[in-house]
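Novice: The structure follows.
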Amino acid sequence: MFQYRRPAGRAFSVAVYLYEPGDGGLDRVAILLANHLRRRGVPVELWMARTDGPAAHLIDPGLTVRRVAAPSANRRLSMITHFPVLAAMVRRHRPDILYSAGNQSNMLVALAALGSDTRAVGRISNPIVRPGRQGPGAWARLARFRTIARLCDLTIVMGEHDRALLASSGDVRLLPRPTVTAAMEQARAARRPAAPGAPHRLLMVGRLAAQKDQATALAALARLPHLDWRLTIAGQGPLQADLERQCAVLGIADRVDFAGYVGDPERLAALMGQAALLLQPSRWEGLCATLIEALACGAQVVATDSTPNMHPILAEAGQHPVTPVGDIAAFAGAIERTLARPAEAAQLAAAVRDHGVDRALDRYLRAFESLVDAPVHHNHPSPALS
């Protein structure tokens with residue numbers, strides 16, 4: 001249990017709320033953050049409604065994990081109904097900071113901490129307003145995000161676009177996405193030029209769901225029969241059978257390998273290190289982790305205009321401009337041009353340098369320090385939690 005009042009010189013305490021250790025980027029970031037804080041000597045716990053999932057193996061065995069009791073229901077309903085439990089846990093364990101992993105839990109965390117001494121930290125993990133959305137629905141969504149930001153003591157965003165949308169909505173800070181690991185840097189260092197006559201190795205990484213829109217990329221590749229390419233799709237999800245049928249109809253099934261969910265970070269880094277090009281055809285994103293990871297591993301990227309937050313990174317990395325969401329012809333053209341004129345590996349690495357895991361997570365740590373005005377003594381081991 002966290003102490004109620006922080007004695008002079010003691011590091012502040014953090015509870016990281018994550019619904020479950022799923023297969024998404026926000027799940028990995030939340031777990032990496034909890035692990036990192038523990039290594040830095042911060043008393044930290046991971047609070048989850050469900051403790052099993054694809055990313056559970058990433059959790060530091062020494063990290064305290066508490067279950068937030070929730071009924072068996074879909075995620076949204078479950079999170080609504082377990083609000084009283086989370087609020088009670090805040091008042092019992094009294095963390096200095098309660099951190100929300102992403103969009104769906106930001107309101108829950110803000111309300112659970114309301115009226116207590118605990119500071120709520122929200123994180124924008126997907127677009128505030130999705131590309132192309134206008135009208136009353138878009139304005140209502142923006143108003144809701146602004147309200148949540150005002151309820152939080154701090155809101156972390158991943159791009160200037162999101163920060164501008166939440167201007168005058170409380171303490172809003174732009175922090176790098178902590179996603180570039182040592183394994184990715186090693187994968188980049190181990191890259192070798194492709195052998196003469198070898199096919200172009202292409203990669204897609206992400207859940208096989210409508211948001212990621214792998215169907216657009218497959219249709220685009222079918223327009224490039226004159227190029228010798230092979231595609232690996234790393235991911236699982238409800239659309240796998242549909243995508244496999246699409247490959248068969250397009251006559252490209254022999255060029256596409258469905259590798260399933262890749263939960264081992266080193267294996268994923270190796271796949272990216274072997275790829276000439278990552279395809280990112282998403283309909284919407286916050287700031288896609290796989291895009292940053294691929295650049296860190298030395299792979300080029302072709303992406304749709306799924307978020308303004310990615311524009312600066314792609315420009316700094318010398319990548320092809322984003323293509324319109326769902327535009328098959330434009331995506332095919334971008335693939336062909338990128339393969340013909342790739343940017344230098346050093347330029348790719350420089351563009352994502354600030355997204356190194358330790359560097360970025362230390363930025364989170366400093367933001368938390370400023371929020372509670374409690375300097376952390378990094379050389380001390382994590383205090384025992386009762």
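Novice: Sort through GLY298, GLY286 and tell me the only one that's on the phi > 0 side of the Ramachandran plot and in contact (Cβ under 8 Å) with a residue 24 or more places away in the chain. Give the steps one after another, and end with the answer.
Specialist: Working: GLY286 fails: on the phi > 0 side of the Ramachandran plot.
Going through GLY298, GLY286 in turn, just one is on the phi > 0 side of the Ramachandran plot and in contact (Cβ under 8 Å) with a residue 24 or more places away in the chain: GLY298.
Novice: Within the stretch 232-248, which residues are touching a helix residue (DSSP H, G or I) at 6+ places or on another chain (Cβ under 9 Å), part of a helix (DSSP H, G or I) and among the hydrophobic types (A, V, I, L, M, F, W, C)?
Specialist: Those that are touching a helix residue (DSSP H, G or I) at 6+ places or on another chain (Cβ under 9 Å), part of a helix (DSSP H, G or I) and among the hydrophobic types (A, V, I, L, M, F, W, C): LEU243, CYS247.
Novice: Please go through (1) touching a Phe, Trp or Tyr at 6+ places or on another chain (Cβ under 9 Å); (2) closer than 26 Å to ILE31 by Cβ for ARG201 and return the number of the only condition it doesn't satisfy.
Specialist: If we test ARG201 against (1) touching a Phe, Trp or Tyr at 6+ places or on another chain (Cβ under 9 Å); (2) closer than 26 Å to ILE31 by Cβ, just (2) comes out false.
Novice: Filter the stretch 189-231 down to the residues that are more than 20 Å from VAL322 (Cβ to Cβ), modelled with pLDDT of 95 or more and assigned to a helix (DSSP H, G or I) and list them by number.
Specialist: ALA222
Novice: Looking at the stretch 41-52 only, could you name the residues that are buried (at least 20 other Cβ atoms within 10 Å of the Cβ) and either within 22 Å of GLN104 (Cα to Cα) or among the basic types (Lys, Arg) (or both)?
Specialist: Pass one, the stretch 41-52, residues buried (at least 20 other Cβ atoms within 10 Å of the Cβ): 42-49.
Passing the criteria: VAL44, GLU45, LEU46, TRP47, MET48, ALA49.
Novice: Sort through ARG91, ARG75 and tell me the only one that's surrounded by fewer than 16 Cβ atoms within 10 Å (Cβ to Cβ) and at pLDDT 95 or above. Can you show your working first?
Specialist: Details: ARG75 fails: at pLDDT 95 or above.
Within the list ARG91, ARG75, the selection yields ARG91.
Novice: Which of the residues that make up the stretch 249-287 are part of a loop (DSSP other than H, G, I, E, B), among the charged types (D, E, K, R) and surrounded by 16 or more Cβ atoms within 10 Å (Cβ to Cβ)?
Specialist: The first filter runs over the stretch 249-287 and keeps only residues part of a loop (DSSP other than H, G, I, E, B), leaving 251-252, 261-264, 275-276, 281-287.
Filter again for among the charged types (D, E, K, R), leaving 264, 283, 285.
Result: ARG283, GLU285.
Novice: While we're looking at this one, here's another question. State whether the residues of the stretch 193-200 include one that is more than 15 Å from HIS355 (Cα to Cα) and crowded, with 16+ Cβ neighbours inside 10 Å. Let's see the steps before the verdict.
Specialist: First, pick out the residues of the stretch 193-200 that are more than 15 Å from HIS355 (Cα to Cα): 193-200.
Keeping just the survivors that are crowded, with 16+ Cβ neighbours inside 10 Å gives 200.
Looking through the stretch 193-200, at least one residue is more than 15 Å from HIS355 (Cα to Cα) and crowded, with 16+ Cβ neighbours inside 10 Å.
Novice: Follow-up question, since we're still on this one. Considering the stretch 81-92 alone, what residues qualify as being farther than 19 Å from LEU37 by Cβ and touching a residue at least 24 places away in the same chain (Cβ under 8 Å)?
Specialist: Within the stretch 81-92, the subset farther than 19 Å from LEU37 by Cβ is 81-88, 91-92.
Within the stretch 81-92, HIS82, PHE83, LEU86, ALA87, ARG91, ARG92 qualify.
Listed here are the residues, each with its yes/no results for (1) surrounded by fewer than 20 Cβ atoms within 10 Å (Cβ to Cβ); (2) more than 25 Å from VAL325 (Cα to Cα); (3) not charged (D, E, K, R).
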| residue | (1), (2), (3) |
| --- | --- |
| GLY102 | no, no, yes |
| THR118 | no, yes, yes |
| VAL121 | no, yes, yes |
| ARG130 | yes, no, no |
| VAL157 | no, no, yes |
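Novice: Let me ask you something else. For the stretch 2-112, which helices (runs of 4 or more DSSP H) that fit wholly inside it have 3 or more residues that are in contact with a strand residue (DSSP E or B) (Cβ under 6 Å, 6 or more places away or on another chain)? Steps first, answer last, please.
Specialist: Numbers: elements: 25-39, 75-81, 83-93.
Counting at least 3 such residues, we get 25-39.
Novice: Here's a follow-up. Considering (1) more than 22 Å from ASN126 (Cα to Cα); (2) under 20 Å from the mean Cα position of the chain (by Cα), say which one GLU336 fails and leave the rest.
Specialist: Here GLU336 meets the rest and fails (2).
Novice: Mind checking which helices (runs of 4 or more DSSP H) fall wholly inside the stretch 292-375 and carry at least 2 residues that are closer than 24 Å to ASP228 by Cβ? Can you show your working first?
Specialist: Working: elements: 311-316, 328-340, 345-351, 357-372.
Qualifying helices (runs of 4 or more DSSP H): 328-340, 345-351.
Listed here are the residues, each with its yes/no results for (1) within 17 Å of the chain's Cα centre (by Cα); (2) within 25 Å of GLU185 (Cα to Cα); (3) not assigned by TED's automatic domain parsing to the domain that holds ASP23.
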| residue | (1), (2), (3) |
| --- | --- |
| GLY263 | yes, yes, yes |
| GLN300 | no, yes, yes |
| GLY326 | no, no, yes |
| PHE331 | no, no, yes |
| ALA343 | no, yes, yes |
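The values are calculated or read from the model by the stated rules, or taken from the named source; none is laboratory data. This structure is a prediction, so every number in the text was calculated from the model and none was measured. Every residue, glycine as well, gets a Cβ built from its backbone with ideal geometry; the counts of neighbours run over all protein chains shown.
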